[in-house]
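Enquirer: This structure is in structure tokens; I'll ask about it shortly.
The values are calculated or read from the model by the stated rules, or taken from the named source; none is laboratory data. Here the structure is a predicted model, which means the values were calculated and not measured. Counting neighbours? That spans all protein chains shown, and the Cβs are built from the backbone with ideal geometry, glycine included. Each accessible area value is taken on the protein alone, full model and side chains, heavy atoms only, with ligands, DNA and RNA left out. Shrake-Rupley method; radii C 1.70, N 1.55, O 1.52, S 1.80 Å.
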Amino acid sequence: NGSTNEVVAANDGTIWVRAAFPAFGPGGPAPMTGQRPMIHYDISGNVLDSLVQGPGWLATGSSTGAVREWWAPIPDGRVMLTRTDKVGFLLSDPKRTAAPIIVEAQVEPVKYTPEERKELEALEDFVQTMPRSGRPAPPRRVFGEIKPVAYGASVDVDGRIWVSRPGPAQKTKPRIAASYGGREGSGSFSTIYQDQVIFAGFRADGTFLGEVRFPAGVRPTFVGNTAWGIVRDEDDTPVLVKYRIY
């Protein structure tokens with residue numbers, strides 16, 4: 001299925017898995033764009049049906065860049081849609097047994113620091129000039145004054161919704177952000193700035209629970225009033241850390 005990590009265990013014991021991008025088309029490799037359905041399986045692995053999200057959140061936002069949407073089913077069967085210009089979500093019911101709801105929290109946008117922006121633009125220069133064996137380079141990213149307001153959302157085992165958003169940049173150890181290797185040679189580009197990780201928490205009824213903040217690079221998993229995350233110590237060894245949420 002393309003090694004996706006988008007897997008949702010539904011409350012009824014069935015499983016949703018994001019379909020892969022097609023590997024090849026008539027003209028060669030297929031572009032990594034377009035709608036990818038969620039495939040619905042029973043517990044034995046038999047396909048039940050599939051789901052594709054249609055036009056979603058139509059309200060305009062405050063982002064200065066292109067707005068990206070992300071969607072997926074949640075365990076209770078509804079579909080959650082998020083946007084990169086809003087700290088919030090839209091919940092809809094494909095079976096139309098419940099009315100849709102839209103939830104949004106107002107947050108202050110986070111600006112890029114001059115150093116961070118310079119590093120990102122240098123990274124984009126590197127990506128644009130990487131050898132591609134005749135294939136075109138991807139569209140060049142343009143960085144405005146502010147960061148995307150949000151990055152997406154996840155649902156924990158308790159049914160709470162956690163919307164990820166970027167915080168101020170933190171200086172970290174160098175890490176490889178892009179690389180290539182092959183007949184054209186090899187090269188890599190390392191960065192030292194990472195966003196502090198912020199999650200805005202909501203109940204599925206829209207109640208805002210507040211925000212929790214983690215060090216740069218942590219991608220937490222929420223379970224009850226705790227969160228688990230991998231951090232790297234001074235020797236760059238990954239360590240599993242348990243955080244308590246107050």
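Enquirer: Pop out the ³J(HN,Hα) list for the stretch 204-213 in order, Karplus 6.51 cos²θ - 1.76 cosθ + 1.60 with θ = phi - 60°, rounded to Hz; leave Gly and Pro as x.
Expert: So the Karplus estimates, Gly and Pro as x, are 5, 8, x, 5, 7, 9, x, 10, 10, 10 Hz.
Enquirer: Just tell me which lysines come within less than 16 Å, Cα to Cα, of Lys147; anything on the same chain fewer than 8 places away is out.
Expert: Within the straight-line cut-off, Lys147 pairs with Lys86, Lys111, Lys118.
Enquirer: Tally Lys and Arg at +1 and Asp and Glu at -1 over the other residues with C-beta under 12 Å from the C-beta of Pro131: what net charge comes out?
Expert: Working: positive: Arg132, Arg135, Arg183; negative: Glu184.
Summing Lys and Arg as +1 and Asp and Glu as -1 gives +2.
Enquirer: Can I ask one more? Under 1.5 on a/c is rounded, so check that first for the stretch 65-115, then, if it is not, pick prolate when a/b is larger than b/c and oblate when it is not; a ≥ b ≥ c are the square roots of the alpha carbon gyration tensor eigenvalues.
Expert: Values: a/c = 3.52, a/b = 2.55, b/c = 1.38.
In terms of gyration-tensor shape, prolate.
Enquirer: Ignoring ligands, DNA and RNA, what percent of the 1.4 Å accessible area of the chain is carbon and sulfur?
Expert: So the carbon and sulfur contribution to the accessible surface is 53 percent.
Enquirer: Taking the dipole about the Cα centre of the chain, with the C-beta of Lys and Arg at +1 and of Asp and Glu at -1, give me whichever of Tyr151, Phe222, Ser133 is farthest to the positive side.
Expert: The one lying farthest along the dipole's positive direction is Ser133.
Enquirer: Run the numbers on the chain and let me know its relative contact order in percent, using alpha-carbon pairs under 8 Å that are six or more apart. Display every interim value, and only then the final one.
Expert: Values: 447 pairs, mean separation 26.3, N = 246.
RCO, the chain: 11 percent.
Enquirer: Could I ask something else about it? Just one of (i) 20.4; (ii) 19.6; (iii) 18.2 is Kirkwood radius over Cα pairs in Å as worked out from the coordinates here. Which one is it?
Expert: Label (i) holds the value from this structure.
Enquirer: Kindly report the accessible area of the chain per residue (heavy atoms of protein chains, probe 1.4 Å, no ligands, DNA or RNA), in Å².
Expert: Working: 14980 Å² over 246 residues.
So the chain comes to 61 Å² accessible per residue, rounded to a whole number.
Enquirer: Tell me the trypsin sites (Lys or Arg not before Pro) within the stretch 165-246 that lie in a loop according to DSSP and have at most 12 other beta-carbon atoms within 10 Å. Can you show the working numbers first?
Expert: Details: sites: Lys171, Arg175, Arg183, Arg203, Arg213, Arg232, Lys242, Arg244; in loops: Arg183, Arg203.
When the trypsin sites (Lys or Arg not before Pro) of the stretch 165-246 are filtered for loop state and at most 12 Cβ neighbours within 10 Å, Arg183 remain.
Enquirer: Accessible area of Lys118, 1.4 Å probe, to the nearest 10 Å²?
Expert: 150
Enquirer: Of the candidates Gly185, Gly45, Gly159, which one comes out as most mobile in a Gaussian network treatment of the chain with C-alpha springs shorter than 10 Å?
Expert: Gly185
Enquirer: While we're here: Output wanted: per-residue J couplings in Hz (rounded whole) for the stretch 108-125, from phi through Karplus 6.51 cos²θ - 1.76 cosθ + 1.60, θ = phi - 60°, x for Gly and Pro.
Expert: Karplus-based 3J(HN,Hα) across the stretch 108-125 equals 6, x, 9, 8, 6, 6, x, 5, 5, 5, 4, 5, 5, 5, 5, 4, 5, 4 Hz.
Enquirer: Let me ask something else. Starting from the Cα of Lys242, draw a straight line to each of the aspartates and glutamates and keep only those under 15 Å, dropping any in the same chain fewer than 8 residues away.
Expert: Cross-link targets: Asp233.
Enquirer: Got a number for the accessible area of Tyr243? Probe 1.4 Å, square angstrom, nearest 10.
Expert: 50
Enquirer: Hey, if we sort Ile192, Ile43, Ile74 by accessible area with the 1.4 Å probe, largest down, what's the order? List each step's numbers first, then the result.
Expert: On the way: Ile192 50, Ile43 140, Ile74 10 Å².
Accessible-area ranking of Ile192, Ile43, Ile74, largest first: Ile43, Ile192, Ile74.
Enquirer: Please check the chain for the longest run free of GluC sites (Glu not before Pro) that are loop-located per DSSP (anything but H, G, I, E, B) and have at most 14 other Cβ atoms within 10 Å.
Expert: On the way: sites that count: Glu145, Glu184, Glu234.
Value returned for the longest uninterrupted segment is 1-144.
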